[in-house]
């Protein structure tokens with residue numbers, strides 16, 4: 001009887017949890033494995049990973065979105081806000097406008113599926129440009145637009161702000177990541193080492209401190 005009870009204890013306290021963990025790993029791979037898969041894919045030459053990266057990125061995006069939504073608030077879960085969605089309207093309004101952001105959200109300037117901020121501005125009509133200037137309270141030069149949009153997010157109530165690198169660098173649609181519904185020319189943009197300048201780091205650090213997000 002004692003031997004039988006000892007076996008049950010061993011099975012219940014050790015073998016069963018280990019078995020469940022192994023099953024979970026097979027069904028839902030740990031996030032660091034997904035990230036490693038995506039990293040290896042991105043290190044290859046453009047085009048060589050076309051069948052790998054979209055799958056890895058999709059898994060990673062789902063994982064990160066869940067994690068970010070989780071840290072952005074416990075009550076009701078986090079929500080996603082994208083500034084570019086508000087800018088694409090006749091006037092900056094609605095749930096994606098920075099003044100409407102709740103604290104419990106993750107705010108982006110743009111996404112991997114949308115134009116970059118600069119790409120949007122360069123193709124925007126006069127009414128959309130004027131709508132942005134009105135929202136900013138002044139007219140700004142083309143090269144200032146990405147930085148001013150970063151400031152909009154940083155000054156919002158959003159607990160988490162995410163800025164795609166192409167927006168921080170002020171790049172146009174030559175740096176766009178993905179065009180939904182197309183199969184060519186996606187996931188090929190690469191940042192160059194010289195683009196990650198000390199000036200960019202200083203600017204981002206200054207804005208982070210100035211807006212109390214350090």
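Scanning the stretch 83-100 for residues that are within 16 Å of residue 162 (Cβ to Cβ) and out of contact with any helix residue (DSSP H, G or I) (no Cβ under 8 Å at 6 or more places or on another chain) gives a single hit, 85.
Scanning the stretch 99-108 for residues that are buried (at least 21 other Cβ atoms within 10 Å of the Cβ) and either outside any loop (DSSP other than H, G, I, E, B) or under 9 Å from the mean Cα position of the chain (by Cα) (or both) gives 105, 106, 107, 108.
Conditions (1) at pLDDT 95 or above; (2) closer than 18 Å to residue 207 by Cα; (3) in a loop (DSSP other than H, G, I, E, B), marked per residue:
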residue	(1), (2), (3)
112	no, no, yes
132	yes, no, no
144	yes, yes, no
158	yes, yes, yes
167	yes, yes, no
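Residue 132 satisfies every condition listed in (1) without any contact (Cβ under 8 Å) to a residue 12 or more places away in the chain; (2) crowded, with 18+ Cβ neighbours inside 10 Å except (1). So is residue 105 without any contact (Cβ under 8 Å) to a residue 60 or more places away in the chain and at negative phi or not? Considered against the rule, which asks whether it is without any contact (Cβ under 8 Å) to a residue 60 or more places away in the chain and at negative phi, residue 105 comes out as yes.
If you check residue 148 against the conditions, is it modelled with pLDDT of 95 or more and in contact with a helix residue (DSSP H, G or I) (Cβ under 6 Å, 6 or more places away or on another chain)? Considered against the rule, which asks whether it is modelled with pLDDT of 95 or more and in contact with a helix residue (DSSP H, G or I) (Cβ under 6 Å, 6 or more places away or on another chain), residue 148 comes out as yes. Scanning the stretch 180-214 for residues that are in a loop (DSSP other than H, G, I, E, B) and in contact with a helix residue (DSSP H, G or I) (Cβ under 9 Å, 6 or more places away or on another chain) yields 186, 187, 189, 190, 191, 196, 211, 212, 213, 214.
The values are calculated or read from the model by the stated rules, or taken from the named source; none is laboratory data. Just so it is clear, the structure is predicted and the values come from calculations on it, not from any experiment. Positions of Cβ are backbone-derived with ideal geometry, glycine not excepted, and every protein chain shown enters the neighbour counts.
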